[in-house]
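Below: the structure, in structure tokens.
The values are calculated or read from the model by the stated rules, or taken from the named source; none is laboratory data. These numbers come from a predicted model, not from an experiment. Here the Cβ positions follow ideal geometry from the backbone for every residue, glycine too, while neighbour counts run over all protein chains shown. Heads up: the accessible areas ignore ligands, DNA and RNA and are worked out on the full protein's heavy atoms, side chains in. Shrake-Rupley method; radii C 1.70, N 1.55, O 1.52, S 1.80 Å.
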Amino acid sequence: NEIEILNTEIQKANSIIGIKKVFVESFPDNRFDSVDLLDIIKVISRIKDEINPDIIFTHYENDLNIDHQITYKAVITATRPMENESVKEIYSFEVLSSTEWKYPLSFSPDVFFDISDTIDLKINSMREYASELCEYPHPRSLEGIELNAKYNGLRVGKKYVEAFKSVRVIR
């Protein structure tokens, strides 16, 4: 039942921000370390081959969550910079209540997207992802999400910003 609720929330949340297709796999939550890395790489490779992206956004490599660490590693492996690789840019993102809690390592973004015109979409999308939300002052609350976007905006002179760490950019 929990999985069904989560999948419904994922679909609704992504629909709000305009994602046309969501790929959901059945790996064990918070236990990617119990799965062969190659199995995760194969799934990412299959999806990558289907949609042929130029850019991939993935988790931060030093995130506290083991699933996020392994996802990052699998993405990097599945997108080796070979001659025919479609992916030219890879960026890491932070996950509130996961990335900032990995002491002493810290997320140091170097790419900033102004989301001032779309912050409401982000907040409304996360509102649909209710099973992952917490009450303020938890970082993964609606208020925490907005405050983080404001904080990142302060860093670059914008109202609301989404911050990323460049991993690989081929121009």
Report, in deg cm²/dmol and to the nearest 500, the calculated mean residue ellipticity at 222 nm for the chain, where each DSSP H run with n ≥ 4 adds -39500 (n - 2.57) and the sum is divided by the residue count. -12500 deg cm²/dmol
Scaled to the compact-protein estimate 2.2 N^0.38 Å, what is the alpha-carbon radius of gyration of the stretch 18-96, rounded to two decimal places? 1.08
Here is the link list: K48/K122; K21/K102; K12/K122; K21/K150; K20/K122. Which ones come out longer than 22 Å on Cα distance? K48/K122; K21/K102; K21/K150
Result for the chain: accessible area per residue, probe 1.4 angstrom, in square angstrom, of 63 Å²
Volume of the Cα convex hull of the stretch 98-142, divided per residue and given in Å³: 90 Å³
Rounded to the nearest 5, the percent of antiparallel DSSP beta bridges in the chain equals 65 percent
Along its three principal axes, how long is the stretch 58-125 when you only count alpha carbons? Whole Å, largest extent first please. 39, 31, 22
What the 5 Å binned alpha carbon P(r) of the stretch 73-171 shows, as percent of pairs per bin from 0, is 3, 12, 18, 20, 19, 15, 9, 4, 1, 0
Bin width 5 Å, alpha-carbon pairs only: give the P(r) of the chain as whole percents, running from 0 to the bin holding the largest distance. 1, 8, 14, 18, 23, 20, 11, 4, 1, 0
Going through the stretch 1-71, which GluC sites (Glu not before Pro) have at most 15 other Cβ atoms within 10 Å and a DSSP loop state? E25
A 1.4 Å probe over the protein heavy atoms gives the stretch 33-171 a carbon and sulfur accessible-area percentage of 52 percent
